[in-house]
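**Student:** Handing you a structure now.
The values are calculated or read from the model by the stated rules, or taken from the named source; none is laboratory data. A quick note: this is a predicted structure, and the numbers were derived from the prediction, not measured. Every residue, glycine as well, gets a Cβ built from its backbone with ideal geometry; the counts of neighbours run over all protein chains shown. These accessible areas exclude ligands, DNA and RNA; they are computed on the full protein's heavy atoms, side chains included. Shrake-Rupley method; radii C 1.70, N 1.55, O 1.52, S 1.80 Å.
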Amino acid sequence: MPKHFTRIRDLGFEGAWKVLERAKEMKDTGYRGHTLEGKVATLIFEKASTRTRISFEVAVRHLGGTTIFMTPAESQLGRSEPLRDTARVISRYTDCMIVRTFGQAKIDELASFGSIPVVNALTDEGHPCQVMSDVLTMYERTPDLSQVRVAWIGDGNNMANSWIEAAMYFPFELFMAFPEGYEPDRQLLGLALEAGAKIFLTRDPHMAIDGAHYVNTDVWASMGQEEEQKRREAAFKGFCIDDALMGRAHPDAKFMHCLPAHRGEEVTDEVMESPASIVWDQAENRLHMQKAILEWVFTE
Ligand code: CP
Ligand code: NVA
């Protein structure tokens, strides 16, 4: 049975810590390896990407493998060939599918019909590679994650869901503020709270950010929600991370964003460009984390 990384929970508690430590080690040593020697990874991207695509293409090469990049426009996926058929065919040629798509069910379908590992490169429900990288970005600054207070100010989107999952395994406190109607996955939240995650929800960005060490946000309209932009701008009034809001966080607080950012919407240009901003380190860490995730997927 192939190992998949469709969500952070696929790692389990031990796996999550192992991958975190390994990513840090790979970063510190500038790791190059042979885990994917002779192997080919197919990247299937149904949405745009800069960071995820490039960092995965580089990560695969750093591990000795090669990649094929595929979009619906250039393949039979765009002409309605079923995913289950695509999964079975790609499994006959290549060794791994790295997938960016819409519903999480699509990733799960590829995993169940294919016979090679599937890695989630973002769905509407989760962005596990990004949030594992973000945990690394905090961990390299604050090794004792139990002393860390994280704020999420924004949409209950794929990023928010993956932060909730991360809080099941890593001992930071997660204070989350969402406008009404933009909450994250209820079932996942219940699961995380049951597992002991320290998650606190509010509608008030000020409450969520008070004393936070790491302040996170993301776009208000994710890919696929472009037509909701205007409605969302109204709903997220007061949720823009500006200097005043950052001023309520811990004095050494860092600003985090998975990128791309919409300056002037969820964050001001001043905060993005301020010394508190660690968004470029987050982007870099995608490369190191994804090497560790690929190694986890391809080893017993
Ligand atoms: N953060 C992130 O996933 O960026 P891309 O959409 O550029 O891949
Ligand atoms: N929530 C954003 C993340 C982009 C990396 C989106 O899904 O568009």
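**Student:** If Glu21 passes every condition in (1) under 21 Å from the mean Cα position of the chain (by Cα); (2) touching a residue at least 24 places away in the same chain (Cβ under 8 Å) but one, which one does it miss?
**Tutor:** Going through the list (1) under 21 Å from the mean Cα position of the chain (by Cα); (2) touching a residue at least 24 places away in the same chain (Cβ under 8 Å), Glu21 breaks only (2).
**Student:** Mind listing just one residue for me: the one in region 62-77 that is open to solvent by 50 Å² or more (accessible area, probe 1.4 Å) and more than 16 Å from ligand 1 (Cβ to nearest atom) and, of those, modelled with the lowest pLDDT?
**Tutor:** My answer is Glu74.
**Student:** Please go through region 90-112 and pick out each residue that is assigned to a helix (DSSP H, G or I) and either away from ligand 2 (no atom under 16 Å from the Cβ) or open to solvent by 10 Å² or more (accessible area, probe 1.4 Å) (or both).
**Tutor:** Once the filter is applied, which keeps residues that are assigned to a helix (DSSP H, G or I) and either away from ligand 2 (no atom under 16 Å from the Cβ) or open to solvent by 10 Å² or more (accessible area, probe 1.4 Å) (or both), region 90-112 yields Ile90, Ser91, Arg92, Tyr93, Gln104, Ala105, Lys106, Asp108, Glu109, Leu110, Ala111, Ser112.
**Student:** Can you name the residue in region 219-250 that is within 16 Å of ligand 2 (Cβ to nearest atom) and of a type in the set (A, V, I, L, M) and, of all such residues, is nearest to Glu173 (Cα to Cα)?
**Tutor:** Ile241
**Student:** Would you confirm whether or not region 229-244 contains a residue that is within 16 Å of ligand 1 (Cβ to nearest atom), open to solvent by less than 50 Å² (accessible area, probe 1.4 Å) and not in a loop (DSSP other than H, G, I, E, B)?
**Tutor:** no
**Student:** How many residues does region 137-159 contain that are aromatic (Phe, Trp, Tyr) and either under 19 Å from Thr52 (Cα atoms) or open to solvent by less than 10 Å² (accessible area, probe 1.4 Å) (or both)?
**Tutor:** 1
**Student:** Still on this structure, please answer the following. Return the only residue of Ala59, Ala87, Ala16, Ala41 being open to solvent by less than 10 Å² (accessible area, probe 1.4 Å) and without any contact (Cβ under 8 Å) to a residue 40 or more places away in the chain.
**Tutor:** Ala87
**Student:** Report whether or not Ala283 is in contact with a Pro (Cβ under 6 Å, 6 or more places away or on another chain), open to solvent by 20 Å² or more (accessible area, probe 1.4 Å) and within 16 Å of ligand 2 (Cβ to nearest atom).
**Tutor:** Judged against the criteria, Ala283 is not a match.
**Student:** Select, from Ala192, Ala212, Ala208, Ala253, the only residue that is in contact (Cβ under 8 Å) with a residue 60 or more places away in the chain and either within 16 Å of ligand 1 (Cβ to nearest atom) or not basic (Lys, Arg) (or both).
**Tutor:** Working: Ala192 fails: in contact (Cβ under 8 Å) with a residue 60 or more places away in the chain; Ala208 fails: in contact (Cβ under 8 Å) with a residue 60 or more places away in the chain; Ala253 fails: in contact (Cβ under 8 Å) with a residue 60 or more places away in the chain.
From the options Ala192, Ala212, Ala208, Ala253, the qualifying one is Ala212.
**Student:** Determine which member of the set Ala41, Ala87, Ala48 is within 16 Å of the chain's Cα centre (by Cα) and at pLDDT 95 or above. Lay out the reasoning, then the answer.
**Tutor:** Values: Ala41 fails: within 16 Å of the chain's Cα centre (by Cα); Ala87 fails: within 16 Å of the chain's Cα centre (by Cα).
Result of the check over Ala41, Ala87, Ala48: Ala48.
**Student:** Return the total of residues in region 148-171 being within 21 Å of Gly247 (Cα to Cα) and more than 15 Å from ligand 2 (Cβ to nearest atom).
**Tutor:** The qualifying residues number 4.
**Student:** Determine which single condition Gly211 fails, assuming it passes every other condition in (1) out of contact with any Asp or Glu (no Cβ under 7 Å at 6 or more places or on another chain); (2) on the phi < 0 side of the Ramachandran plot.
**Tutor:** Of everything listed in (1) out of contact with any Asp or Glu (no Cβ under 7 Å at 6 or more places or on another chain); (2) on the phi < 0 side of the Ramachandran plot, Gly211 misses just condition (2).
**Student:** So, one more: Of the residues Asp124, Asp134, which is open to solvent by 10 Å² or more (accessible area, probe 1.4 Å) and in contact (Cβ under 8 Å) with a residue 12 or more places away in the chain?
**Tutor:** On the way: Asp134 fails: open to solvent by 10 Å² or more (accessible area, probe 1.4 Å).
Of Asp124, Asp134, the one residue that is open to solvent by 10 Å² or more (accessible area, probe 1.4 Å) and in contact (Cβ under 8 Å) with a residue 12 or more places away in the chain is Asp124.
**Student:** Only residues that are in a helix (DSSP H, G or I) and either open to solvent by less than 20 Å² (accessible area, probe 1.4 Å) or at pLDDT below 95 (or both): list them for region 164-175, please. Walk me through how you get there before you give the answer.
**Tutor:** First, pick out the residues of region 164-175 that are in a helix (DSSP H, G or I): 164-169.
Passing the criteria: Ile164, Glu165, Ala166, Ala167.
**Student:** Here is a further query. Mind counting the residues in region 176-219 that are open to solvent by less than 50 Å² (accessible area, probe 1.4 Å) and part of a strand (DSSP E or B)?
**Tutor:** 8
**Student:** Go through (1) touching a strand residue (DSSP E or B) at 6+ places or on another chain (Cβ under 7 Å); (2) more than 16 Å from ligand 1 (Cβ to nearest atom) one by one and return the number of the condition Ser49 breaks.
**Tutor:** Unmet for Ser49, out of (1) touching a strand residue (DSSP E or B) at 6+ places or on another chain (Cβ under 7 Å); (2) more than 16 Å from ligand 1 (Cβ to nearest atom): (2).
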